[in-house]
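Enquirer: Okay, here's the structure, questions in a sec.
The values are calculated or read from the model by the stated rules, or taken from the named source; none is laboratory data. Because the structure is a prediction, the values reported are computed rather than measured. Quick reminder, even Gly has a Cβ in these numbers, built from the backbone with ideal geometry, and neighbours come from all protein chains shown.
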Amino acid sequence: MSDTVFGADLFSELDRLQRQMAEMFGGFPSSLRSGRFGAFPPVNVGSTDDSIEIVAFAPGLKPENLDLSIDKGLLTISGERGQSDAEGTPESKRYARERFVGTFRRVVELPESADPDKVKARYANGCLSISVGKREASKPRAITVQ
């Protein structure tokens, strides 16, 4: 039999430990920079032979409320999201709030092969799709063997 005695509140201690671990490691790969876990907007990053593809999920925004910039290999997505009409009046009592409201900023580190002069962005159906072309020298090419 074990000499270890657990208090009645074991699950809250495990939750606390999990939160501390998430804060310590950040929960994101190093190429995504955000201020906190669950940062807005969530993003997917991938690549093809010709481009780096970034999709930011930002429903309820207008394209004119989004700002994109590239500087020193960092793509920055920023903007502001206000309250929706469905949230009621400011005087109404809220019991829970999960929808983010306010200014936001996400930074994605681009690989060296990214060409900042070849960027296209499109916002549709709540998704901001960004395509950053790759430099010609970094694209795969076939070599003929003689």
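Enquirer: Taking into account only those residues within the stretch 110-146 that are surrounded by fewer than 16 Cβ atoms within 10 Å (Cβ to Cβ), in a loop (DSSP other than H, G, I, E, B) and among the hydrophobic types (A, V, I, L, M, F, W, C), which is modelled with the highest pLDDT?
Expert: Checking each candidate, the answer is VAL145.
Enquirer: Which members of the stretch 46-61 meet the condition of being modelled with pLDDT of 90 or more and closer than 23 Å to ARG99 by Cβ?
Expert: ILE54, VAL55, ALA56, PHE57
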